[in-house]
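Nothing in this text is a laboratory measurement; each read-out follows from the coordinates by a stated rule. Note that the coordinates shown come from a computational prediction; the quantities given were computed from them, not determined experimentally. Cβ coordinates were reconstructed from backbone atoms using ideal geometry, including for glycine residues, and neighbour counts include every protein chain displayed.
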Amino acid sequence: MKNIKDYTLEELKEQLVQMGEKPFRAEQIFAWLYVEKVKEFEEMTNLSKELREKLQKEFTMCNVKILQKQESVDGTKKYLLDLLDGNAIETVLMQYHYGKTICVSSQVGCKMGCKFCASTGIPFVRSLSAGEIIEEIIAVEQDTGERISNVVFMGIGEPLDNYDNVIKAIRIMNHPKGLNIGARHISISTSGLVPNIYRLAKENIPCTLSISLHATSNEKRSSMMPVNNAYPIEELIKACKDYLKEGGKRISFEYALAKDNNDAIGDAKQLVELLKGMLCHVNLIPINPIQNGKYDKSSMENIIRFRDYLNEHGIVATIRRELGSDIDAACGQLRRKNLNKGEEK
Ligand code: SF4
């Protein structure tokens, strides 16, 4: 059955016209879905009973169920959500001084195989539809009763490997009659799928692009992220420069520091060389060790030294606050635990 949250406003208008209805009904439905956030068609009381029944026959509302919820002492909440087909995805809600930020998943599993990621080893199942991504936000807003002001695509999955659905989800969340979240408050994180960075540059969506860089030589980056074999650093940086050329777009680079791997001053020096002349920001992240993973967290002393070197050499760098470290907040950890439990049964 079709998911009503998979449609942009324009597409929903077309659907209604095909059903013999007036297009303005789509705006009423959008308000019920994204302002009132109702769970059933019968709650859409300004639509006729006949139309509500037609909608019921034609579409699902794709309401996801919360299977599990973990809450950190710092206020971070991690959800395991049950999709209609029985697959489970993770969504994390973080509390920053500027508002609530949700970290959404874009796929069930991930194909990219980054060596530091808890999703690696969990088989890729499928990409999420636009409506399923939107539903992550709605489910968490309903659970907390609070509005989410920022969205980051940093959960499970490579968002640029699910390009069309992610772009559509962004259009729905960004639309003033949708979830009304400003494009500047939306960030897409990619492991570096170069062709789709060029595509994204051409979209009229000024969201922030966040590049998971993590190393400055192809040898080291390929050992951490197999995607680098297909799209090496030089090609990635070229695509980033192209993205920045398009007006009003911003880039940040994610750099997870692992002890004795990529956290030496020599690495910081190479990073300065690589990013020279680009208007960007570097987020330094103490790597989150995963079960049976080969990377250990860098010491805070090293991380501070690394940050200071970048800042002293003209690259704006900050250390990301570790949120939810007591609740498996690294992507894939909760889902992995749940799968393991299933296997033990
Ligand atoms: S870090 Fe992101 S892109 Fe890499 S394997 Fe994990 S979910 Fe996929």
With -39,500 (n - 2.57) per DSSP H segment of 4 or more residues and division by the full residue count of the chain, the 222 nm estimate, nearest 500 deg cm²/dmol, is -10500 deg cm²/dmol
Quote to one decimal, in nm, the extra length available between LYS177 and LEU279 on full extension: 0.36 nm per residue of separation minus the C-alpha distance between them. 33.5 nm
List, in order, the whole-Hz ³J(HN,Hα) value for each residue of region 227-241 obtained from phi through the Karplus relation with A = 6.51, B = -1.76, C = 1.60 and θ = phi - 60°; use x for Gly and Pro. 4, 5, 5, 7, 10, x, 3, 4, 5, 5, 5, 4, 5, 5, 5
Full-extension gain in nm, GLU312 to GLN95, via 0.36 nm per residue minus C-alpha separation: 75.2 nm
Within-15-Å neighbourhood charge of ASN150 [Cβ basis; K, R +1; D, E -1]: +4
Alpha-carbon centroids, region 191-246 and region 120-155: separation in whole Å: 23
For a footprinting-style exposure proxy, rank ILE137, ILE319, ILE233 by other Cβ within 10 Å, fewest first. ILE319, ILE233, ILE137
Per the 1/(1 + (r/R0)^6) rule, R0 = 30 Å and r from the Cβ atoms of ARG321 and GLU43, FRET efficiency to 0.05 is 0.15
What does the highest-first list of 28-35, 89-96 look like by mean Cβ count within 10 Å? 89-96, 28-35
Measure off 7 Å from each Cα along the Cα-to-Cβ vector at ALA230 and GLU11, then give the distance between these two points in nanometres to one decimal. 2.3
What distance in nm lies between label points placed 7 Å from Cα along the C-beta direction at LYS202 and GLN18? 2.6
Fully extended contour minus Cα-Cα distance, from GLN142 to ARG250, at 0.36 nm per residue: 35.8 nm
Relative contact order (%) - region 65-344, alpha-carbon pairs under 8 angstrom, separation at least six: 18
Note down the nm distance, to one decimal, between modelled labels 7 Å out along Cα→Cβ at GLU71 and at VAL35. 3.1
